[in-house]
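Below is one structure, written out as structure tokens; the observations come after it.
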Amino acid sequence: MYIRVSERVQKALDEGRGVIALESTIISHGMPYPRNVETALNVEKIIRDMGCEAATIGIIDGVGVIGMSEEEIEEFGKRKGILKVSRRDLPVVMANKLWGATTVATTMILAHMAGIKLFVTGGIGGVHKGATKTFDISADLEELANTDVTVICAGAKAILDLGLTLEYLETKGVPVLGYQTKELPAFYTRRSGFAVDYELKDAKEAAMIIKTKKEMGLKGGILITNPIPEEYSLDEKEMNEAIAKALEEAEKDGIKGKDVTPYLLAKVKDLTGGDSLESNIELVYNNARVGALIANELTKL
Ligand code: PSU
Ligand code: MN
């Protein structure tokens, strides 16, 4: 068996309650211990308090666990050497019975295998700046093109080329929807200067669109972007400076491939100090609330 669905997640699915997938790269590679574990558990609590079930997904000894226990999340937060697993890594990590943190792409794959339709995270991967030369485009985008899961995020960090990311998603036919916004949010900031395809007025509209796409048999996912609450958003100028510096250092250190995103994220975090961690945590909580609202609307349809 390549996946194991926890009892409480299976029960929620059987009862037709809203179930929301959560990724584990954000735990193992995205935040320091113990804030990572604390955040992961708080996100689950927000989702449960709103009547849904949370399914944090990770790979333990080569099995995709759908709904990690508190102890497993704690272990994920502490353990060294957990691999970052995207689509191409998946068969190797499974066959060799390793531990792996799931990215947006692999969380979508495993969620879909378990019958979960919604997935809440912080930010997605995308087209990197300079991709016209490096070809560095996250497998997250291709997964959104192919796998029927709706991802609720706070946009993507401006370490990426947000314009090219939107172009890629357009080519692949992925709807990019703004939750009560016309503008694509840029993770730490509410604005990016790029328009989303459509603004969603509420969770009910989101649920109707998800249902319609499914009934039409259209392949692939949907991206819902939800801006960080104003009070937690960071200064755009300071952010852009940190990003420019991080990109410079990545180039100097010759960072390539799957290491690029974690490297840039860590640099930006160091350069902006503790503020960015607090903002990161709050935007995930905010996405969890919107995800649960949409899940509850979906169960009514
Ligand atoms: N962006 C963030 N935080 C993250 C990630 C991206 O702001 O934690 C993680 C997610 O797991 C995402 C992955 O799926 O990085 C993308 O990596 P890559 O660019 O190598 O595909
Ligand atoms: Mn990449």
- line: Selection from the range 85-122 of residues more than 12 Å from ligand 1 (Cβ to nearest atom) and under 12 Å from the mean Cα position of the chain (by Cα) yields 118, 120
- request: Return yes or no: is residue 173 of a type outside the set (Val, Ile, Thr) and part of a loop (DSSP other than H, G, I, E, B)?
  value: yes
query: Of the residues 106, 150, which single one is farther than 30 Å from residue 231 by Cβ, among the polar types (S, T, N, Q) and in contact (Cβ under 8 Å) with a residue 12 or more places away in the chain?
result: 106
- request: Filter the range 1-25 for residues that are over 19 Å from residue 102 (Cβ atoms) and not basic (Lys, Arg) and give the result.
  value: 7, 12, 14, 15, 16, 18
message: It is to be established whether one or more residues within the range 217-240 are polar (S, T, N, Q), under 24 Å from residue 28 (Cα atoms), in a helix (DSSP H, G or I) and at pLDDT below 95.
response: no
statement: Residue pairs within 8 Å by beta carbon, gap of at least six or interchain, first lying in the range 248-271 and without any contact (Cβ under 8 Å) to a residue 24 or more places away in the chain and closer than 14 Å to residue 129 by Cα, second within 11 Å of ligand 1 (Cβ to nearest atom) and β-branched (Val, Ile, Thr), listed first then second, are 250/260
field: Only listed residue being in contact (Cβ under 8 Å) with a residue 40 or more places away in the chain and within 16 Å of ligand 1 (Cβ to nearest atom), chosen from 66, 82
entry: 82
- line: All-but-one check, residue 139 against (1) away from ligand 1 (no atom under 16 Å from the Cβ); (2) modelled with pLDDT of 95 or more; (3) out of contact with any strand residue (DSSP E or B) (no Cβ under 7 Å at 6 or more places or on another chain), failing number (1)
field: Within the range 214-232, considering residues that are open to solvent by 60 Å² or more (accessible area, probe 1.4 Å) and under 17 Å from residue 156 (Cα atoms), the one farthest from the chain's Cα centre (by Cα)
entry: 230
statement: Across the range 250-271, the tally of residues that are more than 13 Å from ligand 1 (Cβ to nearest atom) and either within 20 Å of residue 187 (Cβ to Cβ) or touching a Phe, Trp or Tyr at 6+ places or on another chain (Cβ under 9 Å) (or both) stands at 3
- line: Condition set assigned to a loop (DSSP other than H, G, I, E, B) and open to solvent by less than 10 Å² (accessible area, probe 1.4 Å), scope the range 117-170, selection nearest to ligand 2 (Cβ to nearest atom): answer is 126
message: Here's a check for you: in the range 256-277, which residue that is open to solvent by 70 Å² or more (accessible area, probe 1.4 Å) and closer than 16 Å to residue 236 by Cα is nearest to the chain's Cα centre (by Cα)?
response: 275
For residue 211: the one exception among (1) open to solvent by 10 Å² or more (accessible area, probe 1.4 Å); (2) touching a Phe, Trp or Tyr at 6+ places or on another chain (Cβ under 9 Å); (3) away from ligand 2 (no atom under 16 Å from the Cβ): (2)
message: Can you pull out every residue in the range 56-81 that is open to solvent by 10 Å² or more (accessible area, probe 1.4 Å) and in a loop (DSSP other than H, G, I, E, B)?
response: 61, 69, 79, 80, 81
- request: Quick one: which residue in 94, 108 is in a helix (DSSP H, G or I) and farther than 20 Å from residue 138 by Cα?
  value: 94
task: Pairs only if they're at least six apart or on different chains, beta carbon under 7 angstrom, first in the range 10-30 and touching a residue at least 24 places away in the same chain (Cβ under 8 Å) and closer than 17 Å to residue 74 by Cβ, second open to solvent by 40 Å² or more (accessible area, probe 1.4 Å) and not basic (Lys, Arg); list them, first residue then second.
output: 30/265
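The values are calculated or read from the model by the stated rules, or taken from the named source; none is laboratory data. Just so it is clear, the structure is predicted and the values come from calculations on it, not from any experiment. Don't worry about glycine lacking a Cβ; one is built from the backbone with ideal geometry, like all the others, and counts go over all protein chains shown. Keep in mind that these areas ignore ligands, DNA and RNA; they rest on the heavy atoms of the full protein, side chains included. Shrake-Rupley method; radii C 1.70, N 1.55, O 1.52, S 1.80 Å.
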